[in-house]
Structure formats: C-alpha cells, structure tokens
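Encoded as structure tokens, the structure appears first; notes follow it.
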Amino acid sequence: MAYSTASLYMLQIIKFYEWAAHERFITFTEDNKPFNYQLVHIANTGMMNHNNPKFVVRSTDLRIRKPIKNENQSLNPLSKEELAQFATCLTKYSDEFIIHQLLQLQAGLRVEEACTFPVASIEKPNL
C-alpha cells in the first residue's frame with residue numbers, strides 16, 4: 001500500500017474517533033484512549049521561510065511517517081556540466097538511442113524506467 005493511501009486511511013480512523021467522542025458515543029479516559037495527540041515541528045519550505053523556518057502542527061501517535069527514499073529512488077538531476085558532457089558523448093550513438101536518452105532527460109525518467117522503456121516504441125519521423 002502506498003504511503004499516501006495508508007496515511008489517508010489512518011486519518012479517516014482518527015477522524016471517526018474524534019467524531020464519536022464529540023457526539024458522546026465514546027468516552028475516553030487515560031486507560032482507553034485510542035491515540036495521543038502530539039505537536040510536530042515541520043520545516044517551512046515556502047517563500048517566507050526566513051521569517052518562520054518551522055511551524056507546529058497537531059498530530060497523533062498513529063501518524064504514518066513518510067518513508068525515506070534510498071539513493072535509487074530519489075531524483076538526482078544532472079548538473080549543467082554533466083549535461084554538456086553527456087550531450088557530447090551522445091553524438092557517437094544511433095538516432096534511436098539519442099531519442100531514448102533525450103526522452104529520459106526531458107521526462108525525468110528514473111534509471112529503471114528508462115531501462116525498461118521499449119525501443120520498439122520509438123519511431124523516426126518521416127522528413
């Protein structure tokens with residue numbers, strides 16, 4: 001199950017318990033409460049983050065933490081220098097391979113996605 005799906009499911013469960021408590025269908029005590037609230041500090045990545053580098057949100061101990069991506073899953077775009085070297089090397093290859101590599105660069109495909117892209121899908125246009 002994807003992280004976002006699991007997180008959404010858990011949010012629905014939390015909201016159900018909050019609704020049930022608000023409507024007084026369930027009464028919680030320290031012994032039978034389904035979760036604890038927490039204050040979580042989040043880094044502000046917006047335009048005005050210099051004014052407020054972090055903000056606090058209310059969460060629960062049931063929150064599903066976002067998994068850390070490993071090196072193969074993360075996006076690592078090439079620098080301008082790396083792109084220039086890559087373009088120089090590309091001139092030695094076939095038109096199909098060049099189109100394949102340009103598709104990979106322009107579409108932001110990961111290595112696994114690019115390697116499994118069927119070369120039969122590439123057609124040279126008629127001039």
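Quote the convex hull volume per residue of the chain, based on C-alpha atoms, as a whole number of Å³. Mind dumping the intermediate values first?
Numbers: hull volume 29.3 nm³, N = 127.
In the chain, the Cα convex hull volume per residue is 231 Å³.
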For the stretch 80-121, what number results from the quotient of the Cα radius of gyration and 2.2 N^0.38 Å?
-> 1.15
Per-residue HN-Hα couplings for the stretch 33-41 [Karplus 6.51, -1.76, 1.60; θ = phi - 60°; Hz; x = Gly/Pro] | 6, x, 7, 10, 7, 9, 9, 10, 8
FRET E, pair residue 90, residue 126, Förster distance 30 Å, beta-carbon r, rounded to 0.05 = 0.85
Amide proton proximity set for residue 60, modelled H, under 5 Å, gap of 5+ = 38
Which ³J(HN,Hα) values, rounded to whole Hz and listed in residue order, are derived for the stretch 9-22 from phi using the Karplus coefficients 6.51, -1.76 and 1.60 in 6.51 cos²θ - 1.76 cosθ + 1.60 with θ = phi - 60°, glycine and proline given as x?
-> 4, 5, 4, 5, 5, 4, 5, 4, 5, 5, 5, 4, 5, 5
Proximal lysine pairs in the chain, meaning Cα under 27 Å and 8 or more positions apart or interchain, come to 9
Answer with one residue from 34, 20, 51: the one whose Cα lies farthest towards the positive end of the charge dipole of the stretch 3-60, charges on Cβ with Lys, Arg +1 and Asp, Glu -1.
-> 51
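Just so you know, all these numbers are worked out from the coordinates, no wet-lab data involved. Note that the structure is a prediction, hence the values are computed from the model and not measured. Positions of Cβ are backbone-derived with ideal geometry, glycine not excepted, and every protein chain shown enters the neighbour counts.
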